[in-house]
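Here the structure is laid out as structure tokens; the discussion comes afterwards.
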Amino acid sequence: MSHIRQPIIAGNWKMNGDLASTTKLLDEIRASQYQGVAELVVFPPYVYLPLVQSKLAGTNIRYGSQDVSRHETGAYTGEIAATMLKDFACHYALIGHSERRQYHAETDALVIDKCHAAHQAGLVPMVCVGETLAEREKQQTEQVIQQQLAGLLALDHAILNQLVIAYEPVWAIGTGLSASPEQAQTVHAFIRSQVANHNENIAKSMRILYGGSLKPDNASDLLVMPDIDGGLIGGASLKAQSFLEIAKSWPN
Ligand code: PGA
């Protein structure tokens, strides 16, 4: 089976693990000599990026940061600049994860600034969008997604051509309650249609990942959907076995 878009299986480790467990996880991922169709990506906590860089050297596994500053440099205590992430050979920068939006009051405008900062330094932005349970119950899913996409679609084509979108319904993150394949497909198709209204070619090539309680036992049903181009995985990415099992659920 050929794929128009190379799928991505990405692990978002969030603020989990320590030096010992992260070393073990990386050793196990590396030892698997994964050769599947999907591009494998990990998002470790910042401080483990040098470790990730050395452990994954010589593999085709990519990695990125869980966030990035909107600023280039200067007096921004606690922030990490995109150029610093590039120094450690990050490929992606995860931007606008719902936990950043929720606990750090990140706005759509900030997400756009971060996309610019990432792109400027040569990082590929992977932007998360998704509705809360209350918004879904009020039938506002499409409206919310449309709003989150509006600024992104106004980005330069140079950025849009690379941009990866992760649809992560907030109610499915870390709850064990994933979206059904049909629910996810409906929103993914909606996202792609919004992008197509802007530019059809970009819509055809854009990777749109699903995230939210993705596990080995629901992965193949979700990943087989036509507009789902991979997954962003939290909990199940903390164990090499379940992470790789999800990656291997792609039809070869
Ligand atoms: P989860 O997290 O797989 O633990 O639900 C997904 C995410 O937040 O990216």
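Only one entry of TYR48, TYR34 meets the criterion of being away from the ligand (no atom under 16 Å from the Cβ), surrounded by 18 or more Cβ atoms within 10 Å (Cβ to Cβ) and either at pLDDT below 95 or β-branched (Val, Ile, Thr) (or both), and that entry is TYR34. Figure legend. Inter-residue proximity from the stretch 34-60: first residues under 23 Å from GLY235 (Cβ atoms), second residues hydroxyl-bearing (Ser, Thr, Tyr) and surrounded by fewer than 17 Cβ atoms within 10 Å (Cβ to Cβ), beta-carbon distance below 9 Å, spacing 6+ or different chains. Indicated pairs: TYR34/THR59; LEU40/THR59; TYR48/THR23; LEU51/THR23; LYS55/THR23. For the stretch 62-81, check the following and say yes or no: at least one residue is assigned to a helix (DSSP H, G or I), charged (D, E, K, R) and either farther than 23 Å from LEU155 by Cα or over 17 Å from the mean Cα position of the chain (by Cα) (or both). No: zero hits.
Quick check on the stretch 20-30. Is at least one of its residues within 16 Å of the ligand (Cβ to nearest atom), in contact (Cβ under 8 Å) with a residue 12 or more places away in the chain and crowded, with 19+ Cβ neighbours inside 10 Å? Checking the stretch 20-30: at least one residue is within 16 Å of the ligand (Cβ to nearest atom), in contact (Cβ under 8 Å) with a residue 12 or more places away in the chain and crowded, with 19+ Cβ neighbours inside 10 Å. Filtered by the rule that a residue be of a type outside the set (D, E, K, R) and part of a helix (DSSP H, G or I), the stretch 82-94 gives ALA82, THR83, MET84, LEU85. Screening the stretch 51-83 for residues that are within 26 Å of LEU244 (Cα to Cα) and basic (Lys, Arg) and picking the one that is surrounded by the most Cβ atoms within 10 Å (Cβ to Cβ) gives LYS55.
Taking the stretch 107-155 as the range and being part of a helix (DSSP H, G or I) and without any contact (Cβ under 8 Å) to a residue 40 or more places away in the chain as the test, the residues that pass are LEU133, ALA134, GLU135, ARG136, GLU137, GLN143, VAL144, GLN147. Taking the criterion of being away from the ligand (no atom under 15 Å from the Cβ) and modelled with pLDDT under 95, the residues of the stretch 236-250 that qualify are LYS248, TRP250.
Examine the stretch 19-27 for a residue that is in a loop (DSSP other than H, G, I, E, B) and either over 14 Å from the mean Cα position of the chain (by Cα) or more than 20 Å from ILE233 (Cβ to Cβ) (or both), and state whether such a residue exists. Walk me through how you get there before you give the answer.
Here is the first cut: in the stretch 19-27, the ones in a loop (DSSP other than H, G, I, E, B) are none.
Within the stretch 19-27, none of the residues are in a loop (DSSP other than H, G, I, E, B) and either over 14 Å from the mean Cα position of the chain (by Cα) or more than 20 Å from ILE233 (Cβ to Cβ) (or both).
Here is a check on your reading of the model: is LYS204 modelled with pLDDT of 95 or more, more than 15 Å from the chain's Cα centre (by Cα) and under 20 Å from TYR34 (Cβ atoms)? So that I can check it myself, show each step before the final result.
On the way: modelled with pLDDT of 95 or more: yes; more than 15 Å from the chain's Cα centre (by Cα): yes; under 20 Å from TYR34 (Cβ atoms): no.
Criteria not met by LYS204.
The residue pairs whose first member lies in the stretch 225-252 and is of a type in the set (Ser, Thr, Tyr), whose second member is outside any helix (DSSP H, G or I), and whose beta carbons are closer than 6 Å, counting only pairs six or more residues apart or on different chains, are SER237/GLY11. Selection of helices (runs of 4 or more DSSP H) fully inside the stretch 167-235 by the criterion of at least 3 residues being away from the ligand (no atom under 16 Å from the Cβ) returns 181-198, 200-205.
Just one residue in the set ALA154, ALA150, ALA134, ALA121 is within 15 Å of ASP67 (Cβ to Cβ), among the small types (Gly, Ala, Ser) and away from the ligand (no atom under 16 Å from the Cβ); that residue is ALA121. Residues in the stretch 84-109 that are surrounded by 15 or more Cβ atoms within 10 Å (Cβ to Cβ), of a type outside the set (A, V, I, L, M, F, W, C) and within 16 Å of the ligand (Cβ to nearest atom): TYR92, GLY96, HIS97, SER98, GLU99, ARG100, ARG101, GLU106.
The values are calculated or read from the model by the stated rules, or taken from the named source; none is laboratory data. This is a predicted model, so every value here is computed, not measured. Cβ atoms come from the backbone with ideal geometry, glycine included; neighbour counts cover every protein chain shown.
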